Amino acid sequence: MNVRGGGTPVSQENKVRLLVGKVGLDGHDRGAKIVARALRDAGFEVIYTGLHQSPEMVVDTAIQEDVDAISLSILSGAHNYLFPKVIELLREKGSQEIPVFGGGIIPETDIPGLKKAGVLEIFTPGATTAEIVEWVRSNIPRRGAA
Amino acid sequence: MSDSKPQPTSPAKEPSKSGSREEWERGTRRPALKRVGERDTEFSTVSSLPIEPLYTWEDLGSGWNPGERLGFPGEYPYTRGIHPSMYRSRLWTMRQFAGFGSAEQTNQRFHYLLGQGQTGLSVAFDLPTLMGRDSDDSMSRGEVGREGVAIDSLADMERLFEGIPLDRVSTSMTINAPAAVLFAMYLAVAEKQGVPIEKLNGTLQNDILKEYIAQKEWIYPPRPSLRIITDLIAYCVDHVPKWNTISISGYHIREAGSTAVQELAFTLADGIAYVQAGIAAGLDVDSFAPRLSFFWNSHNDFFEEVCKLRAARRMWAQIMRERFGAKQPQSWMLRFHTQTAGCSLTAQQPHNNIVRVTIQALAAVLGGTQSLHTDSFDEALALPSDHAVTVALRTQQILAEESGVTHTIDPLGGSYFVESLTDRMERDAHSYIERIDGMGGVVAAIENGFQQKEIAEAAYRYQAQVDGKAKAIIGVNKHEMDESVRVEVLKIDPGVEPRQLAGLAQLRQERDGERVGQTIQALRHAAETGENLIPVMLDAVRAYATVGEICEALVPVFGTYREVSVI
C-alpha cells in the first residue's frame, strides 16, 4: 500500500524520491511514519510502503517507483539479515546504485558490519528529524534517467 | 540557582485576607515573579497537558464530593484502589516480561527470574509467533527468536515451561492475533503436568483491537478476530474461571506516541467494545467481566501517570455499573498490569534509564497497580541482559521494601493537584469515548483510521518538541556526552534459527500427519459453522499442529487484514 506525499509546485522530476519501508514482520511504525512525514514536509517525494513488506516487495516497489534511495526501519532485531538481503536483491535486479540507509533498534556494534554490507547510514534512537533530513539532502542525489 | 548575596527579607506577608487563590496570585505571587520569573513560558506534562503553578481547594470546587469522587479502597468507584487492603496485604506481582531465542533459553531465564524473587511469569514471543507464522515461513527469515521466544508447536511450549508448576505460578502471555492457539498450548502443557485447567491462573493479552490501532500484529480482520476472542471468553467462563481472558492494553497505544488521555480513552473504549462483543455473543456480563484485565503504560510524567490510573479505575467502574448494568462488584473493578515506558528510554547514557524506570515504577505503585514490569536499562539497545533485568527487578523490590510507599493506601489521594488532574483526565477521556461512540464504536473508528491518526499526530508533535528542545531528554537533547559508556548487550545466538528450523522439520516428520490433517479440518469446520473454536484448537495443538498451520487454516474462512497506511 503506497501513500504519496509532497505537493509543493515543483516539477516532479526534480524532487528526490525516497522509499520509507517497514521490512520484515516488525509492526513498530512510529519512527518510520515520523521520518516519512518529516521528509515529505521537507520537500521530498516519499513513498511509504506500509507494514510487513518482504525484502522482495521493498525492492520491487523501489524499482517500480524509480526511487533515489531506500530507507528501512527495523526495530525487531532482524537488521543483520534484512538490510543485506535488500542490498543483495537490488544487485540481482541490476539496481545496485540505489542507496540504502535506515534506522531502528540497532546496536552500535552492528553498524560497521551493516556499512560493510553497503548500508550508507544508520540512524539510531536520539537522531533528530532535522539531522536525517539534512543527511538526505547532502547524500541522496536525484538519480538521472535509469 | 541563586548564589548572589542574600536578599533583604521583606516583612512577613500577612496571609491573604479572604484566603483566596486570586488574592495570593495578586498579592504574593505576581510581585515575587517580578524578582524571579518562571523558568519557562509554559509548563505542561509530557502529553502537553498544561499545569498550573498551584492547585487549591478552589480547583476542586464546592461540588467536589469525596464520597462520590473517591469512595474508599475496595468500594465503588474504586478511585483509591480496588482492594480494601492493597499492598498492606499483598504487594503487586513482580512480573518481568521475558523471552528470547529458543524455548530452552527462555526457560532458563524464567528459572533465573523466579529464583531472584519475581512472583509471576510473563512470556515474550518472537515476531513470527506473534504474527501466527512458523519459524520456516518465508517472512520469518532473520526474525526467529530475535524479539522473543520462538514457539512453533506444543513441543516448544512444553520445553518453555519445563520445571515450572503451572498450578503454582501464574503466567501472562503477550500474544494477540494467535492468542487462542498459544492459550490452547498452555492448557495442553497443564494437562501433561496433571494440573486441572480450572486451577490455572494467568493472563492472555488477546487484545486484537489495539493491534489495529497501535501494535500492528494482526492476521484476520476485526470482526472474525472478535469472534475468536468471544469463543475464548466463553470457554474460560466454563472451564478456566481464574484466567484473565484479555489484557486490554493502553501500553502499546502510548508507545505508538499517544498522549496519556488518548491512552486512557482508547483503551477504555476497547474495553467497552469487548464487553459489547461478549454480550452480543450471548454471555451474561457478570459471567465474564470480572476476568477482563487491563495493561497500562507508565511514562515519565509522574503525576500524569498516577492520575491516569486513578481516573481509569473510576471511569471503568462507572462504565460497567451504569452503562452495562453489571451487578457484581468484581465486574466493576479495573485490575491492571503496568509496564514502564520503553519509548521513554534512551540509547545514550543508558544508566540514566534506571532512574527513569524508578520514577515510572513509583507512579505505577502510587497508582495502585496489581502487577508491574520494570524495563531494563538497555531497553533502547537490545533485549535485556541478565544484569540489566536484575537491576530492573531490584528496583521493584526496593520500592516495595525500602521506600515506605506501600504502608498506606493511595497516599496521594486528597492532593488538590492529584484530584484536579484525575478529574480533568477523566473529563477529557470521556470526550474521546463519546466521539468514538458517535462514530459507531471502536471497530468503525478503526476502519476510519481515527485512533491511528490521533496517535500519529501526537507522536509527530512530541517529536517536534524533542527535536526543538521544548521537551528535555537528558543525555539526548540536554547534557549530552561523548559516549564512552559501553554496556554488554544480549546477543541472540545465530544458531537459534537453524536449530529451530531443524527441530520443526523433525517434528513435522515424527508426528501423526493424518491426525494433524483431521484436526485442521475440524478447526476449519468449526470456524465456518460458528462452533466454539477452543476445543478444536486444543485437539489440533495436542496433535502437534503448528502455530502457522492453525492460523493459516482459518484464513480462507476469516480473510486477512491489510492496513491503509496513514503517515
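The values are calculated or read from the model by the stated rules, or taken from the named source; none is laboratory data. All figures in this text were calculated on a predicted structure; none of them were measured in a lab. Here Cβ is always computed from backbone atoms with ideal geometry, including for glycine, and neighbour counts include all displayed protein chains.
Quick look at the numbers
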item	result
Residue in region B:300-327 that is farthest from B:Ser287 (Cα to Cα), counting only those that are among the basic types (Lys, Arg) and in contact with a strand residue (DSSP E or B) (Cβ under 9 Å, 6 or more places away or on another chain)	B:Lys308
Failed item, numbered, when B:Gly440 is tested on (1) away from every other protein chain (no Cβ under 14 Å); (2) part of a helix (DSSP H, G or I)	(2)
The listed residue being assigned by TED's automatic domain parsing to the domain that holds B:Pro222, buried (at least 21 other Cβ atoms within 10 Å of the Cβ) and under 21 Å from B:Thr79 (Cβ atoms), out of B:Leu345, B:Leu264	B:Leu264
Selection count where residues are assigned to a loop (DSSP other than H, G, I, E, B) and more than 20 Å from B:Trp92 (Cα to Cα), scope region B:342-400	16
Failed condition for B:Asn300, given (1) over 30 Å from A:Ala32 (Cα atoms); (2) touching a Ser or Thr at 6+ places or on another chain (Cβ under 6 Å)	(1)
Residue count, region A:95-114 (criterion: assigned to a loop (DSSP other than H, G, I, E, B) and either at pLDDT below 95 or in contact with a strand residue (DSSP E or B) (Cβ under 7 Å, 6 or more places away or on another chain) (or both))	5
Test: A:Ile34 is surrounded by 22 or more Cβ atoms within 10 Å (Cβ to Cβ), closer than 21 Å to B:Ser140 by Cα and within 11 Å of chain B (Cβ to nearest Cβ)	no
Test: residue in region A:54-72 that is modelled with pLDDT of 95 or more and at the interface with chain B (Cβ under 7 Å from one of its Cβ atoms)	yes
Subset of region B:80-95 [in contact with a Ser or Thr (Cβ under 7 Å, 6 or more places away or on another chain) and either aliphatic (A, V, I, L, M) or over 14 Å from B:Gln370 (Cα atoms) (or both)]	B:Leu91, B:Met94
Of all residues making up region A:28-80, the number that are within 13 Å of the chain's Cα centre (by Cα), over 18 Å from A:Phe123 (Cα atoms) and hydroxyl-bearing (Ser, Thr, Tyr)	2
Single match in B:Ala392, B:Ala458 (criterion: in contact with a helix residue (DSSP H, G or I) (Cβ under 8 Å, 6 or more places away or on another chain), more than 30 Å from B:Val275 (Cβ to Cβ) and modelled with pLDDT of 95 or more)	B:Ala392
Filter pass, B:Gly513 being more than 14 Å from chain A (Cβ to nearest Cβ), of a type outside the set (Lys, Arg) and under 30 Å from B:Gly101 (Cβ atoms)	yes
Filter result for the condition that a residue is touching an Asp or Glu at 6+ places or on another chain (Cβ under 7 Å) and among the charged types (D, E, K, R), over B:Asp156, B:Asp167, B:Asp152	B:Asp152
Residue check for B:Ile433: β-branched (Val, Ile, Thr) and within 14 Å of chain A (Cβ to nearest Cβ)	no
Only listed residue being more than 23 Å from B:His299 (Cβ to Cβ), small (Gly, Ala, Ser) and touching a residue at least 24 places away in the same chain (Cβ under 8 Å), chosen from B:Ser89, B:Ser47, B:Ser85	B:Ser85
Any hit, region B:100-112, residues being within 14 Å of chain A (Cβ to nearest Cβ) and of a type outside the set (A, V, I, L, M, F, W, C)	yes
Single residue of B:Leu372, B:Leu366, B:Leu412, B:Leu421 found to be touching a Ser or Thr at 6+ places or on another chain (Cβ under 7 Å) and not β-branched (Val, Ile, Thr)	B:Leu372
Any hit, region B:108-115, residues being over 30 Å from B:Asp512 (Cβ atoms) and in a loop (DSSP other than H, G, I, E, B)	no
Residues (within 14 Å of chain A (Cβ to nearest Cβ) and of a type outside the set (Asp, Glu)) located in region B:516-567	B:Val547, B:Gly548, B:Cys551, B:Thr560, B:Tyr561, B:Arg562, B:Val564, B:Ser565, B:Val566, B:Ile567
Index of the failed condition, B:Asn107 passing every other in (1) in the same structural domain as B:Thr358 (by TED's automatic domain parsing); (2) over 26 Å from the mean Cα position of the chain (by Cα); (3) surrounded by 13 or more Cβ atoms within 10 Å (Cβ to Cβ)	(2)
Pick from region B:467-501, criterion surrounded by 12 or more Cβ atoms within 10 Å (Cβ to Cβ) and not in a loop (DSSP other than H, G, I, E, B), ranking: farthest from the other protein chains (Cβ to nearest Cβ)	B:Arg499
Selected residue [more than 14 Å from B:Leu383 (Cβ to Cβ), touching a Gly at 6+ places or on another chain (Cβ under 9 Å) and not acidic (Asp, Glu)] from B:Gly142, B:Gly115	B:Gly142
Any chance B:Thr129 is at pLDDT 95 or above and not small (Gly, Ala, Ser)	yes
Single condition A:Leu120 does not satisfy, out of (1) buried (at least 17 other Cβ atoms within 10 Å of the Cβ); (2) among the aliphatic types (A, V, I, L, M); (3) away from every other protein chain (no Cβ under 11 Å)	(1)
Test result for B:Asp423, among the charged types (D, E, K, R), in a loop (DSSP other than H, G, I, E, B) and either in contact with a strand residue (DSSP E or B) (Cβ under 8 Å, 6 or more places away or on another chain) or surrounded by 13 or more Cβ atoms within 10 Å (Cβ to Cβ) (or both)	no
